[in-house]
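Sharing a structure, written as structure tokens. Questions coming.
The values are calculated or read from the model by the stated rules, or taken from the named source; none is laboratory data. Please read these numbers as outputs of a predicted model, since none were measured by experiment. Glycine gets a Cβ as well: all are built from the backbone with ideal geometry, and neighbour counts include every protein chain shown. The accessibility values were calculated without ligands, DNA or RNA, using every heavy atom of the protein model including side chains. Shrake-Rupley method; radii C 1.70, N 1.55, O 1.52, S 1.80 Å.
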Amino acid sequence: GPDSLRHLWARMTARQRRTFDNAFTGVFGDSPQRLYGRFTAELSENAMTVARAGHWIDGELWQETSRGSGDPAVSPDGKQLAMVLRNEKGEAKLVVYATGANEEDTKREKRIVEMLRRDPEDVAPIRTKPSPRKPLHSFQPPDGGDVENPRWTRDGAAIVYTHRQPDRNDFLHHDLFRWTPSTGRNERITHLADVKDADPIDARHAIAVRDRFGSSQIVMVDLTTGEVTPRTPPSLDVVYSHPRASTDGRTAWAEHTGGEWHVAIDGKPLPVIGAFAPEWGPHGALFAAVAGRGFIDIARVNGPLSPSYVTRSAGVALDPTPSPDGELYFMSL
């Protein structure tokens, strides 16, 4: 009931000395260990019941990553996927995977076939997760530090990403860089411009976010000269995120204002509360992560029955990145 925690505190601070477990048992009727075990068992049972009923749509595990990894981006031809891998120490590197069949899984199956050929009475192991993929390319900035927001250029030849750089007083500023995986060339685009999360619109321009002096705004960046042109006025009340350009010239981004996230197309907010991290898909579909029901799922947010959920997971689905072939990659927690 509503007074249970107050009663717990009263029992712990009473004249009669009690341990936490003893005070807890006197209020809730059993030890915290046993009640938490019961809670986890009931939660698991409920989740399995819903899963058997077909209500969950979790997607298919494509690759397992370590904590903090994310920011996936599919190349324009759908054949490669770039993302940031982070380890437990916070070290980051930019990797590029092939989206086709996992060669490591093929090698694993061949090893199992050979194992059973040599010993027919052996039993093959059950595979519950895909084998770790080997990157086609990988990159870490020579000066260390984090890598964020990789986005492919329109021709699919290079990746624009965000990396922080120090000024003369050692204050760090977000800047844009361009990495060409096929040649290994890495070049700086902006200089202490406080811009990040850029999405190339064409060969020369990208839409991005500038966070400077506590203000947030949408800007256009010249990928040749590094020149920054405002698209929206700087705001202390609105936080901008994830600007994305569609193939037909429309732009979408996420805005946080009034304590809520929502997505806007060409500056006009969509009526989906809790939507963020938008991404354009084939045929003008706009996908986003949507917070609701106590979970975060991926949904199409610009359809006639918005939002139309793509996932229904018992957790978190983030960072949608549609592929031209109709597949949708995302990060699952």
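Can you work out which of the residues in region 91-110 that are under 15 Å from residue 141 (Cα atoms) and open to solvent by 50 Å² or more (accessible area, probe 1.4 Å) is modelled with the highest pLDDT?
Going through the qualifying residues, I end up with 93.
Just for strands (runs of 3 or more DSSP E) wholly inside region 163-234: which have at least 3 residues that are closer than 21 Å to residue 139 by Cβ? Talk me through it step by step, then tell me what you get.
Working: elements: 172-180, 185-188, 195-200, 205-212, 215-222, 228-230.
Because the criterion is at least 3 residues that are closer than 21 Å to residue 139 by Cβ, the strands (runs of 3 or more DSSP E) in region 163-234 that meet it are 172-180, 185-188, 195-200.
Can you name every residue in region 44-70 that is closer than 30 Å to residue 5 by Cβ, open to solvent by 80 Å² or more (accessible area, probe 1.4 Å) and modelled with pLDDT under 85?
46 - this is the single residue of region 44-70 that is closer than 30 Å to residue 5 by Cβ, open to solvent by 80 Å² or more (accessible area, probe 1.4 Å) and modelled with pLDDT under 85.
For region 236-263, give me each residue that is in a strand (DSSP E or B), in contact with a Ser or Thr (Cβ under 6 Å, 6 or more places away or on another chain) and open to solvent by 20 Å² or more (accessible area, probe 1.4 Å).
Those that are in a strand (DSSP E or B), in contact with a Ser or Thr (Cβ under 6 Å, 6 or more places away or on another chain) and open to solvent by 20 Å² or more (accessible area, probe 1.4 Å): 239, 240.
Still on this structure, please answer the following. Of all residues in region 258-279 being of a type in the set (Gly, Ala, Ser) and more than 18 Å from residue 308 (Cβ to Cβ), which is modelled with the highest pLDDT?
In this case the residue turns out to be 264.
Among the numbered criteria (1) open to solvent by 50 Å² or more (accessible area, probe 1.4 Å); (2) in contact with a Lys or Arg (Cβ under 9 Å, 6 or more places away or on another chain); (3) touching a residue at least 60 places away in the same chain (Cβ under 8 Å); (4) not β-branched (Val, Ile, Thr), which one does residue 73 miss?
Result: residue 73 fails condition (1) only.
Given the options 208, 198, name the one that is free of Cβ contacts under 8 Å to residues at least 40 places away in the same chain, on the phi < 0 side of the Ramachandran plot and among the aliphatic types (A, V, I, L, M). It would help to see each step written out before you state the result.
On the way: 198 fails: free of Cβ contacts under 8 Å to residues at least 40 places away in the same chain.
Selected residue: 208, the only one of 208, 198 that is free of Cβ contacts under 8 Å to residues at least 40 places away in the same chain, on the phi < 0 side of the Ramachandran plot and among the aliphatic types (A, V, I, L, M).
Here's a follow-up. When the residues of region 281-308 are narrowed to those that are more than 19 Å from residue 242 (Cβ to Cβ) and in a strand (DSSP E or B), which ends up nearest to the chain's Cα centre (by Cα)?
295
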